[in-house]
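Each remark here refers to the structure printed beneath this line.
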Amino acid sequence: NAGVTQTPKFRILKIGQSMTLQCTQDMNHNYMYWYRQDPGMGLKLIYYSVGAGITDKGEVPNGYNVSRSTTEDFPLRLELAAPSQTSVYFCASSTTEGYTFGSGTRLTVV
Amino acid sequence: KQEVTQIPAALSVPEGENLVLNCSFTDSAIYNLQWFRQDPGKGLTSLLLIQSSQREQTSGRLNASLDKSSGRSTLYIAASQPGDSATYLCAVPFGNEKLTFGTGTRLTIIP
């Protein structure tokens with residue numbers, strides 16, 4: 001099983017550019033999440049989804065958008081990149097048995 | 001609002017020693033608590049999940065305990081090895097399985 005796959009692993013964006021961080025899981029999990037991790041900080045929830053067609057905001061949603069057209073995919077969209085969005089982004093999925101995380105996308109906005 | 005604290009932020013111990021990592025949370029109305037491991041530049045790996053009805057969970061040299069009434073959990077690592085060096089994060093759920101994370105304890109095992 002691949003688990004949770006994130007692409008790309010690294011990306012440098014210029015201020016004002018847009019991009020989509022891809023996330024796909026092959027475990028048929030209904031719950032999926034996007035977190036960001038800043039240096040020396042814990043993970044903060046950006047958006048989450050409890051199933052296809054359903055998304056909701058987390059703690060730090062400003063500047064981001066998501067969609068969930070299928071159970072497998074949960075892309076995160078940055079429309080106008082800002083330096084404050086420089087971070088490591090983690091996608092995850094879960095069941096009552098626990099969480100599975102992707103390996104992360106390291107994003108730098110310059 | 002749930003807050004999760006992990007102290008110390010960093011810990012160095014000689015190889016072979018037993019050690020305890022601490023996690024505290026402010027809202028005791030949780031239904032589980034998870035411990036994760038994060039290696040530098042990597043994602044998170046789930047180590048142990050303790051349901052609220054349990055007091056302990058064990059996996060190999062790892063033992064996690066949960067005391068909801070006091071808002072505390074500990075992760076015990078026996079006979080530490082250099083390969084245990086990593087950051088250890090605890091997390092508790094808030095509504096629909098969303099997690100609140102602590103800031104982690106960075107563990108270094110000295111050979």
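Laid out as a table, the results:
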| read-out | value |
| --- | --- |
| Filtered trypsin sites (Lys or Arg not before Pro), chain A: DSSP coil and at most 11 other beta carbons within 10 Å | A:Lys9, A:Lys14 |
| Chain A, relative contact order in percent, only Cα pairs under 8 angstrom and at least six apart counted | 36 percent |
| Length-normalised contact order for chain B - Cα pairs under 8 Å, 6+ apart - percent | 37 percent |
| Qualifying lysines (Cα of each under 18 Å from Cα of A:Lys57; at least 8 residues distant if same chain) | A:Lys44, B:Lys1, B:Lys98 |
| Difference of contour (0.36 nm per residue) and Cα-Cα distance, A:Asn62 to A:Gln17 | 14.6 nm |
| Förster radius 30 Å - calculated FRET efficiency between B:Ile110 and B:Thr58 (Cβ-Cβ, nearest 0.05) | 0.75 |
| Student exercise, chain A dipole from Lys, Arg, Asp, Glu Cβ charges, in Debye to nearest 20 | 400 debye |
| Cβ-defined net charge surrounding B:Ile7, 14 Å radius [Lys, Arg +1; Asp, Glu -1] | +1 |
| Positive-pole candidate from A:Met41, A:Thr5, A:Gly58, dipole of the stretch A:1-80, charges at beta carbon | A:Met41 |
| Radius ratio Rg over Rh of chain A, counting only Cα atoms, Kirkwood formula for Rh | 0.95 |
| The protein assembly as shown - convex hull of the alpha-carbon atoms, volume per residue in Å³ | 119 Å³ |
| Cα point-scatterer Debye curve for the stretch A:46-110, base-10 log of I(q)/I(0) at q = 0.16, 0.18, 0.19, 0.23 Å⁻¹ | -0.58, -0.72, -0.80, -1.12 |
| For chain A, built as a Gaussian network whose Cα springs stay under 10 Å, the top-fluctuating residue of A:Gly58, A:Gly98, A:Gly42 | A:Gly98 |
| Antiparallel content of DSSP bridges confined to chain B, in %, to 5 | 90 percent |
| Those GluC sites (Glu not before Pro) in the stretch A:36-99 that DSSP places in a loop and that have at most 16 other beta carbons within 10 Å | A:Glu59, A:Glu79, A:Glu97 |
| Cα centre as origin, Lys/Arg/Asp/Glu Cβ charges: the stretch A:11-60 dipole, Debye | 220 debye |
| Computed over chain B, Cα set: Rg, Dmax in Å | 13.3, 42 |
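Read the figures in this text as sums done on the coordinates, not as results from a lab. Remember, it's a predicted structure, so these values are computed and weren't measured experimentally. All Cβ positions, even for glycine, are placed from backbone atoms using ideal geometry, and neighbour counts span all protein chains on display.
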